[in-house]
Amino acid sequence: MIRFDDILEKTSYFSEKDITLLQKAYVFAAQAHKGQVRHSGEPYLSHPLEVTNMLAEMKMDAVTLAASLLHDVLEDTDVTPLDLQKTFGKEIAHLVEGVTKISLVQESPPETRRAESIRKIILAMTDDLRVIFIKLADRIHNLKTLKFLPESKQRQIAKETLDIYAPIANRLGMGRIKAELEDLSFRYVDAENYFKILSLVEPKRKEAEKELKKIKRLLELHMKKNNLSSEISYRTKRLYSIYNKMKGRGIDFEQVYDFMALRIITNSVRNCYYALGTIHENWPHLPHRFRDFITMPKPNLYQSLHTTIITEKKQTIEIQIRTHEMHDLAENGIAAHWKYKEIDSHAVLKEDKRLHWLREMVEVYKEQKSPKQFLAALKTNLIPEEVTVFTPKGKRISFPLGASALDFAFKIHTEVGLHASGTKINGKTAPLKTILKAGDIVEILTSPEKQVRREWLNIAFTSTARHHIKRWVNDQDKKKNKTLGKKLWEKELKKHSIPSEAIKTHEILNRISKETHFRIKKLEDFYVLAGTGKLVLNRELMEKIFPERIMPKRAGTLLKKIAAPASKKPKPVVQVKDIEGALVKVAKCCSPIKGEPIIGYITAGKGITVHSLRCPLIDKEILDNQRMVDVSWDTSTKGIYTGRLLIKTEDSPGVIASITIVIAKLEGNITKADIVTFPNKKAQIKISLKIKDIEHLNNIKKEISKIKEVLLVERI
């Protein structure tokens with residue numbers, strides 16, 4: 001267990017005032033957590049001490065260290081924000097509250113919880129970046145003690161780390177933190193691949209370290225011979241990094257050329273290049289593996305020279321060369337700003353290039369408050385940017401892999417994107433959907449007549465481009481809905497012989513607001529609601545708005561009253577929030593099944609179409625979000641649904657029979673089956689079947705996957 005004195009040893013450069021602040025925070029935390037223990041059985045205070053120790057190693061300022069000692073007192077003790085503020089002041093109390101808000105995500109479905117976590121992290125970071133430094137250190141120590149938690153909790157925390165915290169650390173340039181988060185999580189998220197990679201690495205580790213020591217000694221001799229001051233270290237590649245490279249590039253372990261690596265740290269940029277020359281003089285290298293990140297830094301400002309040499313034993317070793325400052329930035333990223341000094345967090349947020357993505361996300365958040373849609377916008381922004389292209393004037397612009405020329409257009413300027421008509425890539429005309437490659441020289445052609453199309457959402461990859469396209473399309477949809485709503489209103493007025501000049505707008509809007517759940521202040525808003533179909537203009541509504549002009553329908557005959565129950569429509573299986581009596585139908589494009597997440601889409605005059613949230617039209621945000629309404633399954637109503645499965649199997653006798661028996665046993669009903677066999681002794685089966693709900697389909701999937709010859713089962 002880390003002692004408080006261990007932390008003080010790392011903060012010897014602090015002033016007496018700073019040391020007093022730390023001691024005060026330590027005593028306060030010790031009293032607040034007195035008697036509390038962690039799942040590991042250790043005193044609870046061990047956790048804030050470990051977290052603070054990590055931040056002290058990163059040379060964080062005294063305020064951050066004090067806040068890290070106190071970071072759990074609001075969540076796990078009786079201490080209040082006011083207590084903190086009175087004792088430690090506004091700044092520290094604010095940091096502790098920021099960390100606490102990230103932790104307090106309500107229990108909800110995994111996707112919603114993940115979206116809400118990221119949203120809170122982004123907001124906390126824009127308020128004060130030091131919040132995320134404390135949270136990252138907190139997460140590392142929690143991962144180190146994950147073995148003491150239940151298995152389900154282990155996986156949840158580890159997956160959340162790989163999905164959220166590791167990518168954010170990478171974006172902030174905090175390489176050491178990112179690596180530790182990934183490695184600690186890997187075992188709990190994918191134990192099978194973890195031990196598979198471990199079994200490949202362990203037999204070679206000792207031999208690799210022996211070779212690395214030998215090359216290190218030779219390198220030291222060459223550096224000394226050329227009067228180059230240097231510090232040389234070595235390492236073997238991390239398990240998660242190996243797994244990612246093998247999976248991402250579809251390669252075998254033997255093709256991971258940087259499994260063994262050496263790092264040279266020298267005292268100037270000039271000496272970095274001298275060291276590179278010395279290495280290439282003495283060892284052959286792989287030209288396609290050379291990278292100059294000093295001249296062209298990564299978007300998170302990582303700088304280093306990378307080269308891969310071939311040893312006498314025909315083994316490949318990657319060598320990284322950088323200055324001390326570059327190394328500090330590569331290890332600690334943006335946190336290096338706080339080293340040995342006080343700094344304005346807001347100034348860093350505004351000026352640091354590594355935070356450009358964060359500033360973009362803040363702009364998106366201002367207009368899109370829905371956590372799920374905010375998450376969709378953020379997905380591409382957490383992907384490491386790896387493609388650098390150039391404008392015709394030579395300006396470098398970086399993008400995530402998969403970005404198109406249309407993304408480039410919006411990166412240049414919003415107006416350029418909105419009026420883009422085509423592109424020239426390396427001097428040749430190309431469509432806007434062209435995926436950019438490293439080194440491309442891109443020129444965007446524009447036309448005043450050219451307008452954005454909703455289909456561009458299929459082309460755009462970056463959240464910035466998609467945000468601008470959606471905003472433009474939504475503005476156009478709003479204008480169309482307004483026009484349509486006005487026509488529908490005028491049609492209803494004419495039907496009931498109500499002259500428009502007899503209407504007092506303010507009075508009518510008040511009546512509509514009173515009779516519906518909408519609070520309408522402007523006539524334009526009323527037209528938009530009517531145009532989207534969220535406010536249904538029918539006789540019932542008109543009777544409520546104009547009781548003095550429209551007489552209620554007379555009651556039907558006795559015969560009609562008796563016949564009415566028999567002619568009632570079956571109760572719908574989907575319930576619609578805030579819209580009564582709407583016609584509801586299920587979308588054919590995604591065939592949603594009872595129990596899975598759904599959304600309703602309104603078409604004025606035609607009712608509501610229910611889509612699954614996994615539907616491509618929803619996922620790619622092709623549909624107008626102004627027409628979307630919350631819907632839910634009516635759990636009291638039974639129904640029959642169509643599910644489709646893709647099954648990949650070994651092509652062996654009896655497989656089809658085994659699958660059919662499983663489905664029949666679970667009371668599924670096959671309506672269609674398409675079977676294709678391949679020369680490699682594999683087969684593919686597409687099955688349509690009738691089921692009760694999504695749980696029924698998932699149970700069938702689970703049982704089919706247990707069949708020995710089955711390789712894959714997925715819903716289509």
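Among the residues in the range 511-519, are any assigned by TED's automatic domain parsing to the domain that holds MET542, of a type outside the set (Lys, Arg) and farther than 22 Å from ARG549 by Cα? Checked the range 511-519: at least one residue is assigned by TED's automatic domain parsing to the domain that holds MET542, of a type outside the set (Lys, Arg) and farther than 22 Å from ARG549 by Cα. Checking each residue in the range 398-421 for being among the aliphatic types (A, V, I, L, M) and closer than 23 Å to TRP472 by Cβ picks out ALA403, ALA405, LEU406, ALA409, ILE412, VAL416, LEU418, ALA420. Hey, among GLU231, GLU220, which residue is of a type in the set (Asp, Glu), without any contact (Cβ under 8 Å) to a residue 60 or more places away in the chain and not in a helix (DSSP H, G or I)? Matching residue, one of GLU231, GLU220: GLU231.
Considering LEU711, LEU689, the condition of being aliphatic (A, V, I, L, M), at pLDDT below 90 and part of a strand (DSSP E or B) is satisfied by LEU711 alone. If you check LYS672, LYS686, LYS648, LYS681 for being in contact (Cβ under 8 Å) with a residue 60 or more places away in the chain and not hydroxyl-bearing (Ser, Thr, Tyr), only one passes: LYS648.
To keep it simple, each residue is scored yes or no on (1) within 30 Å of LYS486 (Cβ to Cβ); (2) modelled with pLDDT of 80 or more; (3) charged (D, E, K, R).
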site: THR516; (1), (2), (3): yes, no, no
site: VAL528; (1), (2), (3): yes, yes, no
site: LYS561; (1), (2), (3): no, no, yes
site: GLU596; (1), (2), (3): no, yes, yes
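The residue that is farthest from GLU202 (Cα to Cα), among those in the range 234-286 that are part of a helix (DSSP H, G or I) and basic (Lys, Arg), is ARG270. All told, ILE622 meets the bar of being part of a loop (DSSP other than H, G, I, E, B) and within 30 Å of ASP475 (Cα to Cα).
Taken as a whole, the condition of being of a type in the set (Asp, Glu) and buried (at least 16 other Cβ atoms within 10 Å of the Cβ) does not apply to GLU515. The set of residues from the range 521-544 being within 15 Å of TRP489 (Cα to Cα), part of a loop (DSSP other than H, G, I, E, B) and without any contact (Cβ under 8 Å) to a residue 60 or more places away in the chain comprises LYS522, LEU535, VAL536, LEU537, ASN538.
Conditions (1) loosely packed, with under 13 Cβ neighbours inside 10 Å; (2) in contact (Cβ under 8 Å) with a residue 24 or more places away in the chain; (3) under 25 Å from the mean Cα position of the chain (by Cα); (4) not in a loop (DSSP other than H, G, I, E, B), marked per residue:
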| residue | (1), (2), (3), (4) |
| --- | --- |
| LEU432 | no, yes, no, no |
| ILE444 | no, yes, no, yes |
| LYS450 | no, yes, no, no |
| HIS467 | no, yes, yes, yes |
| ASN474 | no, yes, yes, yes |
| ASP477 | no, yes, no, yes |
| LYS482 | no, yes, no, yes |
| LYS486 | no, yes, no, yes |
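The set of residues from the range 449-468 being over 11 Å from ILE622 (Cβ atoms) and either aliphatic (A, V, I, L, M) or touching a strand residue (DSSP E or B) at 6+ places or on another chain (Cβ under 7 Å) (or both) comprises LYS450, VAL452, ILE459, ALA460, PHE461, THR462, ALA465. Quick check on the range 6-49: of everything there that is part of a helix (DSSP H, G or I) and acidic (Asp, Glu), which residue is nearest to ALA67 (Cα to Cα)? So, considering only residues that are part of a helix (DSSP H, G or I) and acidic (Asp, Glu), the one nearest to ALA67 (Cα to Cα) is ASP18. Among the residues of the range 422-452, those identified as of a type in the set (S, T, N, Q) and within 28 Å of ASP475 (Cβ to Cβ) are THR423, THR434, THR446, SER447, GLN451.
Pairs linking a residue in the range 246-258 that is without any contact (Cβ under 8 Å) to a residue 40 or more places away in the chain to a residue that is of a type in the set (Lys, Arg) and surrounded by 10 or more Cβ atoms within 10 Å (Cβ to Cβ), with Cβ atoms under 6 Å and 6 or more positions apart or on different chains, are VAL256/LYS245. Scanning the range 640-680 for residues that are in contact with a Ser or Thr (Cβ under 8 Å, 6 or more places away or on another chain) and surrounded by fewer than 17 Cβ atoms within 10 Å (Cβ to Cβ) gives THR642, ARG644, ASP651, ILE670, THR671, LYS672, ALA673. What are the residues in the range 388-411 that are buried (at least 17 other Cβ atoms within 10 Å of the Cβ) and over 18 Å from ARG454 (Cβ atoms), if any? Once the filter is applied, which keeps residues that are buried (at least 17 other Cβ atoms within 10 Å of the Cβ) and over 18 Å from ARG454 (Cβ atoms), the range 388-411 yields THR388, VAL389, ILE397, SER398, PHE399, PRO400, ALA403, ALA405, PHE408, LYS411. Applying the condition of being of a type in the set (Lys, Arg) and over 26 Å from TYR601 (Cβ atoms) to the range 522-553 and asking which residue is surrounded by the most Cβ atoms within 10 Å (Cβ to Cβ) yields LYS544.
In the range 697-708 there is no residue that is surrounded by fewer than 18 Cβ atoms within 10 Å (Cβ to Cβ) and in a strand (DSSP E or B).
The values are calculated or read from the model by the stated rules, or taken from the named source; none is laboratory data. What you are looking at is a predicted structure, and each value in this text was computed from that prediction instead of being measured. Here the Cβ is made from the backbone with ideal geometry for all residues, glycine too, and neighbour counts use every protein chain on show.
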